[in-house]
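So the structure is just underneath, and the comments pick up after that.
No lab work stands behind these numbers, since they all come straight from the coordinates. Just so it is clear, the model here is predicted, and its values are computed rather than measured. Here the Cβ positions follow ideal geometry from the backbone for every residue, glycine too, while neighbour counts run over all protein chains shown.
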Protein chains: 2
Amino acid sequence: MSSSRSVRKLEVVSPVPADIDIANSVEPFHISEIAKDLNLSPNHYDLYGKYKAKVLLSVLDELESSDNGYYVVVGGITPTPLGEGKSTTTVGLCQALGAYLDRKVLTCLRQPSQGPTFGIKGGAAGGGYSQVIPMDEFNLHLTGDIHAITAANNLLAAAIDTRIFHESTQSDKALFNRLCPPNKEGKRKFSDIMFRRLKKLGITKTQPEDLTPEEVKKFARLEIDPNSITWRRVMDVNDRFLRKITVGQGPEEKGMVRETGFDISVASEIMAVLALTTSLADMRERLGKMVIGNSKAGEPITADDLGVGGALTVLMKDAINPTLMQTLEGTPVLVHAGPFANIAHGNSSIVADKIALKLVGPQGFVVTEAGFGADIGTEKFMNIKCRYSDLRPQCAVIVATIRALKMHGGGLEVVAGKPLDHAYLNENVPLVEAGCVNLARHIINTKAYGVNVVVAVNKFSTDTEAEMNAVMNAAMAAGAFNAVICTHHAHGGKGAVDLGVAVQRACTSGNQHLKYLYPLDISIKEKIEAIAKSYGASGVEYTEQAEKQIEMYTKQGFSGLPICMAKTQYSFSHNAADKGAPSGFILPIRDVRASIGAGFIYPLVGTMSTMPGLPTRPCFYEIDLDTATGKVIGLS
Amino acid sequence: MSSSRSVRKLEVVSPVPADIDIANSVEPFHISEIAKDLNLSPNHYDLYGKYKAKVLLSVLDELESSDNGYYVVVGGITPTPLGEGKSTTTVGLCQALGAYLDRKVLTCLRQPSQGPTFGIKGGAAGGGYSQVIPMDEFNLHLTGDIHAITAANNLLAAAIDTRIFHESTQSDKALFNRLCPPNKEGKRKFSDIMFRRLKKLGITKTQPEDLTPEEVKKFARLEIDPNSITWRRVMDVNDRFLRKITVGQGPEEKGMVRETGFDISVASEIMAVLALTTSLADMRERLGKMVIGNSKAGEPITADDLGVGGALTVLMKDAINPTLMQTLEGTPVLVHAGPFANIAHGNSSIVADKIALKLVGPQGFVVTEAGFGADIGTEKFMNIKCRYSDLRPQCAVIVATIRALKMHGGGLEVVAGKPLDHAYLNENVPLVEAGCVNLARHIINTKAYGVNVVVAVNKFSTDTEAEMNAVMNAAMAAGAFNAVICTHHAHGGKGAVDLGVAVQRACTSGNQHLKYLYPLDISIKEKIEAIAKSYGASGVEYTEQAEKQIEMYTKQGFSGLPICMAKTQYSFSHNAADKGAPSGFILPIRDVRASIGAGFIYPLVGTMSTMPGLPTRPCFYEIDLDTATGKVIGLS
């Protein structure tokens, strides 16, 4: 392995400046330099300005016979309001591997939603000296993938309401004749996509005029039950007033009003499809089989039934190519997809990971982040993402901080605007030790997948040696392969060299064999119960609605899908206040939904908000453009 | 002038194949080749894939001292359902100038809305052998400008409802304290954008703690009157069910429901701002001063009052750079902005035209298209766009077809799905002659701006020599500089060489001096009446609502803006059925609205639909991706 040409060593300053100031202090390499380091030729990628490029899926075909690199997933302990620095650690680890340990490395990150950038949250490009740059391009439009998702999602939504409307105003024959208009020669024809519906209906005829009146009716009338529609519109803006709306109130819509709502774009099933697909052909099929609701007879109605699966694929054809960017130290990053981590599986895309594994090659490293704590993110990484990708990780990192462990050990609640309790700022070994039950359960659960677990303690300046030793001891006792302290926020890759070495050893030690938590061919309930057990639950209870939905999905033939639990990220249990490692609780399943195109059933444990709001003083008050330089200011 | 390197001569086939087949039969040049022909160095543009590049606004600064080329605007006769081929003629003329007449040339086109591509309309890249390629990229996401507009428009919409909500639940003091939170040192500060509101309120204090309770209230409470809100949400999808909706029905919104609706994205005022702005700094100001409604006291409330003008500019910072593409014959095209042609001014952007005029240089040609007929598109080009750009056209082209003139002469209505009346397919000179009153009035009106008028007769195979002679005679009699027949649809640039020669002569004949139709410093009503007169109206009548709005805008200090009439494009009058050149009618003004940031008042003559719908069988039934080749199929 030769040293990467584009590596840049940082000169760090203490105290650590603001993220945007660090990001702006570095002139990024032209992205074609980063691409060249990965042996990508210009026909392998499309430039999007100077610092972003879309790597084309065709790279996968060309490198089909190459071997994969090592595959590392980064998860965390149960999150707290104090923040654990999972993205920052993911970036820091890669900066260490690439810029200090001379390994080929690729970081695979999720694309953040643009909405929250203007609300409370700010950006998501890492922090301190471990960031993806340019951070404004990372946090804003990027290469338009989320915009493509919004467009596709909403085209499908428009198709649903319009179809119901047109069905309600036309006879079977008029409807059929409009769906199959005569061509210039006066002959009616089915368009290609219509053969998908004909096949589903068991009609093998190929000419419209051959259909019986009964078949005409079956083909032309989807008879969508408005109350069964689960497909909502989306927007990549924090717009709480769209959570629940009534549409169709215009006079032309003739009273066909309906209550529905908007989610934020990253909650769209199309985002989950993008993250789980493996090829253009696979994406076409997944988009076409997305279920938007049921017919009045209880049959699932798909995007292809509405004739729109092809158009959705056209809208998404560039979005399937991951975006290449770089870290502060010039190591390469693939940014791609960013599905919700509760109603979806919260992992970046399979195609990005696949491309990355080929590009780094054997002895190289791909580090990918899973959303939320390991109970959610890593679990879904293993049981959903790896199941569809057929990829096998060698190592899982679990990120922890002393502060967060103190909270799991019984530390006081953190209230925004109030000073931190002194326990978080001063040594308190017993509190840390008590909190390690949370870390330990994540280690045990993760190790059960057959991977080596490395614990990364993301150090804050107030952490003491005794506290850190307590964590390392607890981690090793729980079966971790290794546990190391890192300071990449303050020092960049140099601060994560020990972590990089530990991850290398964990990957090369052999003996890893991915074991799923559950097989697919058991019942939906048995799968839910297997996951609940990993949370520490002693049982599961279902509402009547959940029972009904499970029965429906089973009847519709969807019971073979993996399960994607929509549970709070703040606890192993359904109760966000249960810190540490709760056990013996009964996990309540309120409802059960499905993303059939993406390919999972998602039980709702509690209520998930899928559209954030803006606070009284949103971040946007600080954001502006320096019109003299064209630089973004005030982005955090 | 040396011959352009990237010029490609077409081999044409008869009969003319489908647009998509012609577009796919040509391998486009890499866009860097097209850029090189324009003497653009790689630091002047950002690539977006292989066939699109954003030309950076900084080019304008660098070329400040260069002279402009000739400036040609393409308008049309009053449109009919038969189509006149204005875009096709614009492209064909440029192919002639660039590929056959050896002139430097740049075509400036509007970006089409993506929504209608999946509805009825299909694409908008020209047609036959006069097209912009790749046509799928032109018609779909392009470089994301419309997506940026959607995001910015909807961020502002979310800010409005959320602000009303937060004001309704908080005391003056709590609201103020939240708006000016303490920094790390515990000190409250105004953010930069807040000084814009303070200035508007006449408050010169710079420290939050210095404000009196009265000033705190004035500053923190926008007191937006929900009934006055004119800002709507947008989406680039034909979604008729969003035309009228009720928002805020979620339990968290505590009953703060409101009736509103979505427009298609290109109807956003932000699109009009993009089209009329001249620099980043100018765009920042225009976005900030967009008025979203009034306070309860009747004061206009702006995006900057909401603190969001800077964030909108950040979202739009890349959208301000026009997108470079190419025609079938390899001549360069700038695609930029696509505002509605009724509620907005329907012209492509000022910055694209400015960059283009510098890039072609003296003796070069910039051809830009104006929406709808010359009564609307060319009128707004002159009185709104040229007023803001300070650019002066030398020549205006008016596109006509024999068929459309026959309809203006009294030909039967055209009904979709029924065969054309034989009058349209066979020689009928009297009908053509009768229809020429429409052409003549457009010529007279356009000539009054002080430009030379060239009439382009876009020839169909059924047109006869006698019919064409009738048009040419009528055109010359009405004062046209020249009138020529063109066949660019069938022959590409070769078919528009005569037109190219005529346009060259018109531009170089001297003697042009732009005269506006009205000065800005007369009353809103006087301006409306000047325009109405050019339509042939003998007077104007205003509803009570229109009177009220005119009074309000005058009182608010906006009466100095130019006027943008929102009138049907299908007639000089307000009645779409009035073909030819109606006169003596009273033009009814139903309502008057304003786009203060874009910079115009728009009187509504009738009702304008700002959200199209989908038909029973939308175009999307034919659209799919060939997943083996990655090519789009079925796009028309």
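Highest mean first, what order results for B:486-492, B:320-326 on Cβ atoms within 10 Å?
Details: B:486-492: 24.9, B:320-326: 27.1.
Result, highest mean Cβ count within 10 Å first: B:320-326, B:486-492.
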Computed FRET efficiency, Cβ-Cβ of A:Leu412 and A:Asp225, R0 60 Å: what is it to the nearest 0.05? 0.75
Where a ≥ b ≥ c are root eigenvalues of the Cα gyration tensor, a/c under 1.5 meaning rounded, otherwise prolate if a/b exceeds b/c and oblate otherwise, the range B:146-305 counts as oblate
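By DSSP, what percent of the beta bridges with both residues in the range B:505-636 are antiparallel, rounded to the nearest 5?
Values: 8 of 14 bridges.
About 55 percent, rounded to the nearest 5.
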Place a point 7 Å from Cα of B:Ile586 in the direction of its Cβ. Which residues in the range B:505-548 have their backbone N less than 14 Å from it? B:537-544
What's the center-to-center distance, using Cα atoms, between the range A:267-302 and the range A:474-521 in Å? 35
Using +1 at the Cβ of each Lys and Arg and -1 at the Cβ of each Asp and Glu in chain B, identify which of B:Thr446, B:Pro15, B:Ser389 lies farthest towards the dipole's positive end. B:Ser389
Which angle between 0 and 90 degrees, to the nearest 10, do you get for helix A:86-95 versus the longest principal axis of chain A when only C-alpha atoms count? 70
Calculated from backbone phi, Karplus (6.51, -1.76, 1.60) coupling profile of the range B:393-408 in Hz, x at Gly/Pro: x, 9, 9, 10, 9, 10, 8, 9, 10, 4, 4, 5, 5, 4, 5, 5
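Run the numbers on the range A:173-326 and let me know its relative contact order in percent, using alpha-carbon pairs under 8 Å that are six or more apart.
Numbers: 171 pairs, mean separation 32.0, N = 154.
Computed over the range A:173-326, the figure is 21 percent.
When you have a sec, figure out the Kirkwood radius of the range A:322-396 from all distinct Cα pair distances and drop it here in Å to one decimal? Working shown, then result.
Working: mean 1/r = 0.0774 Å⁻¹.
Over the range A:322-396, the inverse of the mean reciprocal pair distance is 12.9 Å.
Could you give the length gained by full extension between A:Ser509 and A:Ser168, i.e. 0.36 nm per residue of separation minus their alpha carbon distance, to one decimal place? Present the calculation step by step, with values, prior to reporting the outcome.
On the way: separation 341, 0.36 × 341 = 122.76 nm, distance 6.46 nm.
Value of the extension gain: 116.3 nm.
Just tell me the longest site-free run in chain A, where the sites are GluC sites (Glu not before Pro) in a DSSP loop having at most 13 other beta-carbon atoms within 10 Å.
Numbers: sites that count: A:Glu11, A:Glu64, A:Glu185, A:Glu413.
Answer - A:186-412.
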Considering only A:Val351, A:Asn238, A:Tyr71, whose Cα is most displaced toward the positive end of the charge dipole of chain A, charges sitting on Cβ of Lys, Arg (+1) and Asp, Glu (-1)? A:Val351
Please compare each pair in A:Lys244/B:Lys380; A:Lys494/A:Lys567; B:Lys52/B:Lys533; B:Lys296/B:Lys527; A:Lys385/B:Lys631 to a cut-off of 31 Å on the Cα-Cα distance and tell me which ones are over it. A:Lys244/B:Lys380; A:Lys494/A:Lys567; B:Lys52/B:Lys533
Quick note, the range B:222-267: a/c under 1.5 would make it rounded; otherwise a/b > b/c is prolate and the rest oblate (a ≥ b ≥ c, C-alpha gyration tensor); here it is oblate
Report the relative contact order of the range A:359-456, percent, no decimals, based on alpha-carbon pairs under 8 angstrom and at least 6 residues apart. 36
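What FRET efficiency, computed as 1/(1 + (r/R0)^6) with R0 = 45 Å and r the Cβ-Cβ distance, is obtained for B:Ile522 and B:Arg188, rounded to the nearest 0.05?
Working: r = 47 Å, r/R0 = 1.05.
Approximately 0.45, to the nearest 0.05.
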For peptide A:146-159, how many partner chain Cβ atoms fall within 10 Å of a residue's Cβ, on average? 6
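Once you wrap a convex hull around the alpha carbon atoms of the protein assembly as shown, what is its projected area averaged over all directions, in nm²?
Quarter of the Cα hull surface area: 46.6 nm².
Find, among the trypsin sites (Lys or Arg not before Pro) in the range A:167-221, those assigned to loop by DSSP (not H, G, I, E, B) with at most 13 other beta-carbon atoms within 10 angstrom.
Numbers: sites: A:Lys173, A:Arg178, A:Lys184, A:Lys187, A:Arg188, A:Lys189, A:Arg196, A:Arg197, A:Lys199, A:Lys200, A:Lys205, A:Lys217, A:Lys218, A:Arg221; in loops: A:Lys184, A:Lys187, A:Lys189, A:Lys205, A:Arg221.
Of the trypsin sites (Lys or Arg not before Pro), the ones in loops of the range A:167-221 whose Cβ has at most 13 other Cβ atoms within 10 Å are A:Lys184, A:Lys187, A:Lys205.
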With a ≥ b ≥ c taken as the square roots of the eigenvalues of the C-alpha gyration tensor of the range A:411-530, please select rounded if a/c is under 1.5 and otherwise prolate if a/b is larger than b/c or oblate if it is not? oblate
For the range A:148-231, the count of lysine pairs 8 or more apart or interchain whose alpha-carbon atoms are under 24 Å apart comes to 24
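Just tell me how shielded B:625-633 is by partners: mean number of partner chain Cβ atoms within 10 Å of each residue's Cβ, no decimals.
Numbers: counts 14, 4, 10, 2, 1, 7, 2, 5, 3.
Whole-number average of other-chain Cβ neighbours for B:625-633 is 5.
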Filtered hits (aspartates and glutamates, Cα-Cα < 18 Å from B:Lys579, offset >= 8 within chain) -> B:Glu84, B:Asp375, B:Glu413, B:Asp421, B:Glu433
Here, trypsin sites (Lys or Arg not before Pro) of the range B:237-319 satisfying both criteria (DSSP loop; at most 12 other Cβ within 10 Å) are B:Lys254
In whole Hz, what ³J(HN,Hα) sequence does the range A:156-171 give by Karplus (6.51, -1.76, 1.60; θ = phi - 60°), x for Gly and Pro? 4, 4, 5, 5, 5, 5, 5, 5, 4, 4, 5, 5, 6, 10, 10, 6
Taking other Cβ within 10 Å of each residue's Cβ, how do B:Met382, A:Met316, A:Met271 sort, fewest first? A:Met316, B:Met382, A:Met271
Counting only DSSP beta bridges with both partners in the range A:163-304, the antiparallel fraction in percent, to the nearest 5, comes to 75
Determine the shielding of peptide B:232-238 by partner chains: average, over its residues, the number of Cβ atoms on other chains within 10 angstrom of each Cβ. 5
Any chance you could give the angle, 0 to 90 degrees and rounded to 10, that helix B:429-447 forms with the longest Cα principal axis of chain B? 50
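For the protein assembly as shown, what does the helix formula give at 222 nm: sum of -39500 (n - 2.57) over DSSP H segments with n ≥ 4, over the residue count, nearest 500 deg cm²/dmol?
Working: 46 runs with 416 residues, N = 1272.
Per the formula, -9000 deg cm²/dmol.
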Under the Karplus curve 6.51 cos²θ - 1.76 cosθ + 1.60, θ = phi - 60°, whole-Hz ³J(HN,Hα) for the range B:535-549, x wherever Gly or Pro sits: 7, x, 6, 9, x, 10, 10, 10, 6, 4, 4, 5, 4, 4, 5
Antiparallel content of DSSP bridges confined to the protein assembly as shown, in %, to 5: 45
